[in-house]
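What follows is calculated from the coordinates using simple rules that are stated; it is not laboratory data. Just so we're clear, the structure is a prediction, and the values are computed from it rather than from any experiment. Note: ideal-geometry Cβ built from the backbone for every residue, glycine included; neighbour counts use all protein chains shown.
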Amino acid sequence: MNIVKKLKKSTPWWIKSSVARLKRTGIILMYHRINDSQNDPYYLNVSPKNFDEQMSILKKHGKTIQMQKMGERVSKFNLRSDDIAVTFDDGIRDNFYNAKPVLEKYEIPATFYIPSHSIESQQEAWWDKLARILTSPILPNIFEISIGNMQYRWNIDSSPKEGSVAFNDKLPPMNSLISKKQLLFSTWRMIKPLDFQQQINIVEQILTWSGQSSDAQSAYLPMTLNQLNVMADSKLFEIGAHTVHHPWLSDWPIKHQEEEILVGRQNLEKWLNKEITSFAYPFGNYSDQTPGILKRLRFQNACTTAEGPVKRNMDSFLLPRFMVFNWNGELFEQKLRYWLTLRI
Ligand SMILES: [Zn+2]
């Protein structure tokens, strides 16, 4: 018998079982939209057909739980092997029409994170409106806009061929020739740090520049309050908070972050007559102080958008997720198997 085998054989059972417990991991799946729309430059759509296939795979796997339970198990060092939570960000109406019936069919619990202003306003998110405008086949040749005292000017390459564009930190040099996708990601970057009213104003300016009509129908409207209430009344579903206006939290002082987080939750609790304890950081973004704010406000868990499995010794206010793309059942199963093998 070699030395490793000998050691293995002599390891007491209670050490083996503690090590096995330490290695337990769960996973949190992140969805946004269950939608067939082709206009999806951010790759947030899963088609209803693929979503059905994915959920049938998950049903076979079993062990699906809401985030409330996931957070509780992580904070009590009690994560079960292969626990899985399904989450949806942003409260899009297709979640009600296309996700809810499938989740009910397979009896899969899920958590929906809702930015409260979207329910009140019944308007699509600013980044979806921006995408709708800037993916139009016809745009003027020169893009020109001022934000505060900054002037931005680019020439637009309107040829239909689009290479892959990195979502990076740098804006292209002024007056250079850029693709429509580069224009979308650049304007997204410029608008993201502004306050909510400015965000709306700048997107309106871009709409005027584009020469399109303002009453085009969006594929990504939010759920109505009635629909949200129906979701919240189901035992299968949990509603989580996602601030009021979906800001880039790390750009804002603590006081503003606190207000966005607290009022977002208060609105949901008032409308749904339920305690809200789970949270997801908008855009997955937070500062060093944000998890502390959530703890002070008596939230119990929070999700980021960092990729990775959930481990039992993790901070339950920084839970990572895996984003699910528009994969068919077979591809989804491969991904799931791989994610479930990731250990410490
Ligand atoms: Zn979001």
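Measuring from a point 7 Å past the Cα of V230 along Cα-to-C-beta, which residues in segment 76-98 have an amide N at less than 18 Å?
Flagged as within label range: 91-98.
Calculate the dipole size of the chain relative to its Cα centre from +1 charges on Lys and Arg beta carbons and -1 charges on Asp and Glu beta carbons; express the result in debye to the nearest 20. Show your work: numbers first, answer last.
Numbers: 43 positive and 35 negative charges, 488 e Å.
Approximately 2340 debye in magnitude.
Arranged from highest to lowest average of other beta-carbon atoms within 10 Å per residue, in what order do the peptides 305-311, 67-73 appear? Mind showing how you got there, number by number?
Working: 305-311: 16.9, 67-73: 22.0.
Answer by packing, highest mean first, reads 67-73, 305-311.
Tell me the relative contact order for the chain as a rounded percent, counting alpha carbon contacts under 8 Å between residues six or more apart.
Details: 599 pairs, mean separation 86.0, N = 344.
Relative contact order of the chain: 25 percent.
What fraction, in whole percent, of alpha-carbon pairs in segment 126-210 exceed 23 Å separation? Don't skip to the end; give the middle numbers.
Working: 445 of 3570 pairs.
Pairs farther apart than 23 Å: 12 percent.
What is segment 126-210's relative contact order, in percent, from Cα pairs under 8 angstrom and six or more apart in sequence?
Answer for segment 126-210 is 36 percent.
On a 0 to 90 degree scale, rounded to 10, what angle separates helix 254-272 from the longest Cα axis of the chain?
That works out to roughly 80 degrees.
Output wanted: per-residue J couplings in Hz (rounded whole) for segment 228-234, from phi through Karplus 6.51 cos²θ - 1.76 cosθ + 1.60, θ = phi - 60°, x for Gly and Pro.
Rounded to whole hertz, the list is 4, 5, 5, 4, 5, 6, 7.
Within 9 Å, Cβ to Cβ, of R73, how many net charges do the neighbouring residues add up to if Lys/Arg are +1 and Asp/Glu are -1?
Values: positive: K69, K76, R80, R312; negative: E72, D83.
Result for the neighbourhood of R73: +2.
Antiparallel DSSP bridges in the chain: what percent, to the nearest 5?
Values: 9 of 35 bridges.
The answer is about 25 percent antiparallel.
Local charge sum around R265 (other residues, Cβ-Cβ under 12 Å, Lys/Arg +1, Asp/Glu -1)? Mind showing how you got there, number by number?
Details: positive: K270, K274, R298; negative: E258, E259, E260, E269, E275.
Summing Lys/Arg as +1 and Asp/Glu as -1 gives -2.
Would you mind checking the tilt of helix 48-61 against the longest principal axis of the Cα atoms of the chain, expressed as 0 to 90 degrees and rounded to 10?
10 degrees
Projecting each Cα onto the charge dipole of the chain (Lys/Arg +1, Asp/Glu -1 at the beta carbon, about the Cα centre), which of L29, H61, P291 comes out farthest on the positive side?
Selected residue: H61.
What's the whole-number percent of alpha carbon pairs in the chain lying beyond 29 angstrom?
Values: 26385 of 58996 pairs.
So the pairs more than 29 Å apart make up 45 percent of the total in the chain.
Based on DSSP, what percent of beta bridges with both residues in segment 126-210 are antiparallel, to the nearest 5? Walk me through the numbers before you get to the answer.
Values: 6 of 9 bridges.
Here the antiparallel bridges make up roughly 65 percent for segment 126-210.
In the structure shown, do any of K129/K181; K255/K295; K49/K274; K192/K335; K63/K235 have a Cα-Cα gap over 21 Å, and if so which?
Numbers: K129/K181 14 Å; K255/K295 15 Å; K49/K274 32 Å; K192/K335 31 Å; K63/K235 16 Å.
Cα-Cα > 21 Å for K49/K274; K192/K335; rest within.
Please list the non-local residues whose amide H lies under 5 Å from the amide H of T111, H modeled 1.01 Å from N, same-chain partners needing a gap of 5 or more.
The answer is M67, V86, T87, F88, E238.
What ranking, highest mean first, results for peptides 89-99, 34-44 when packing means the other Cβ atoms within 10 Å averaged over each residue? Write out the running numbers ahead of the final one.
Working: 89-99: 23.5, 34-44: 16.8.
With the highest mean Cβ count within 10 Å placed first, the list reads 89-99, 34-44.
Report, in degrees rounded to the nearest 10, the 0 to 90 angle that the Cα long axis of helix 329-341 makes with the longest principal axis of the chain.
Approximately 60 degrees, to the nearest 10.
Within the set of other residues whose C-beta is less than 14 Å from the C-beta of K105, count the net charge using Lys and Arg as +1 and Asp and Glu as -1. Intermediate results must be reported in sequence, preceding the final value.
Values: positive: K49, K59, K60, K100; negative: D52, E53, E104, E107.
Result for the neighbourhood of K105: 0.
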